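Here the structure is laid out as structure tokens; the discussion comes afterwards.
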Amino acid sequence: MARYAKKPINKYTQPTDANRRVQTEAADVDDIDLQQAILKFKNLQEKQKTPLKNQRTKSKSPAPQQGNQPMDYSQFTFTSLKVIGQGSFGIVYKAKVNETGEIVAVKKVIQDKRYKNREIQILQELDHSNIVETKHAYFTYGDSPDEQYLNVIMDYQPETLHSFNAQFLKQQQLLPEIQAKLYSYQLLRGIAFVHTKGICHRDIKPHNVLINPDTNVLKICDFGSAKKLSPLEPNIAYICSRCYRAPELLFGATNYTTQVDMWSVGCIIGEMFNGLPLFLGASAVDQLVEIIKILGSPSKEEVLSMNELYDIKQYKIVQIRKKDWRKVFQTVVDPQAIDLISKILTYCPRTRLTALQALTHSYFDDLRDETTFRMYQSKIQIPDLFDFTKEELSNNQSLANKLIPKWYQKRNKC
Ligand SMILES: Nc1ncnc2c1ncn2[C@@H]1O[C@H](COP(=O)(O)OP(=O)(O)O)[C@@H](O)[C@H]1O
Ligand SMILES: [Mg+2]
């Protein structure tokens, strides 16, 4: 039941996935000038009018393992089957554990003493069905004792949302609607869990969202930029890949909240209905131009809600009207999905839906309705969507009543 694009989509060049841990893109956030962005957009409008093999070396677990009887993978040997990710920091590969035959993903990251590696500490806090499972993490050493690698052994997932989407794009098609809904839901559920821990992922993008199209399970990966945010401590603004970067980050805010992830989630949900990123800017100013093209120019209040330190006196509002969200998409999109996206993609981080609020949106009601749920289930695999824990719902009974359907509670006696 693939949806077909009205217009052919053929000019898709993915922006380079600059590794923000290495390349800070500092220049990208300097001197963001709203006026400049709006003028640039005006000018554009004017123009348009006129036409391995693993080493077994001494290893040391960085932290105790969770769960019952974890396996010590540092004792195993691996056959590398395929390199699935490579950056200046290290490598991710699909591997077979020779001793057990198990297929895993191994992320081998060189430890740079100049930077904090929070990834493994954070991953160990995140035991959830929509977060990549860390089976074990241990250090190995290279030729010199200074050369230290962190090896993270994870469950292997066959696709990312990016690679899956790209397959449809090639055929000038979009993801089937039900899959878009299931992935949106699980992405929100995973992010909601991360946020209940006070952790901000800070690099949500389709490459960091793993999926299995057979089971339709979704898992968030790559916590290399993640951080537990504390309200009193400023954070760097030059995080997150540009197309998914929240406007408050483009304004250089350093007191941002976990809501920056929600902006990225909104972009990803929109992208599933669009094929291409909603906001595809070539620089930080361009990124803002792309956002303004759809959301219109922000009011003074909105600018201050994004960055209270912004020099508002120099901002003379040039009214650019917001676009009708229905016209943003190349196909007819479910009005409920549009309503959800428009409530996530707001300038003001405080009025932007939180992940838990978004999960309660009526767009997902047909997943909670037994009849439609069964109908979907007769067509495709649906993972468990309602096995919420009390912690996940912050002990909120009314949330539980909304998010865990009665028929599911009855069936599972919860
Ligand atoms: N558990 C996994 N299963 C399958 N592929 C993975 C897994 N973890 C990562 N990958 C792939 O490796 C790529 C890089 O891994 P990631 O953790 O995002 O590191 P980074 O983006 O820092 O290079 C991902 O975009 C994804 O394609
Ligand atoms: Mg990544």
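Summary table
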item: Residues that are among the small types (Gly, Ala, Ser), more than 8 Å from ligand 1 (Cβ to nearest atom) and in contact with a strand residue (DSSP E or B) (Cβ under 9 Å, 6 or more places away or on another chain), drawn from the range 75-111; result: Ser80, Ser88, Ala95
item: Subset of the range 210-255 [basic (Lys, Arg) and over 22 Å from Leu276 (Cβ atoms)]; result: Lys219, Lys227, Lys228
item: Residues located in the range 286-339, provided they are among the acidic types (Asp, Glu), surrounded by 13 or more Cβ atoms within 10 Å (Cβ to Cβ) and not in a loop (DSSP other than H, G, I, E, B); result: Asp286, Glu290, Glu302, Asp339
item: Residue in the range 258-266 that is of a type in the set (Val, Ile, Thr), modelled with pLDDT of 95 or more and part of a loop (DSSP other than H, G, I, E, B) present; result: yes
item: Matching helices (runs of 4 or more DSSP H) fully within the range 119-221 where at least 3 residues are more than 27 Å from Tyr73 (Cα to Cα) and within 15 Å of ligand 1 (Cβ to nearest atom); result: 161-170
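Each row is one residue, and each column tells you yes or no for (1) buried (at least 20 other Cβ atoms within 10 Å of the Cβ); (2) within 14 Å of ligand 2 (Cβ to nearest atom).
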position: Arg189; (1), (2): yes, no
position: Arg202; (1), (2): yes, yes
position: Val209; (1), (2): yes, yes
position: Thr215; (1), (2): no, no
position: Lys228; (1), (2): no, no
position: Ala237; (1), (2): yes, no
position: Leu249; (1), (2): yes, no
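The values are calculated or read from the model by the stated rules, or taken from the named source; none is laboratory data. None of these values were measured; they are calculated from a predicted model. Because the Cβ atoms are built from the backbone with ideal geometry, glycine has one as well, and the counts that use them run over all protein chains shown.
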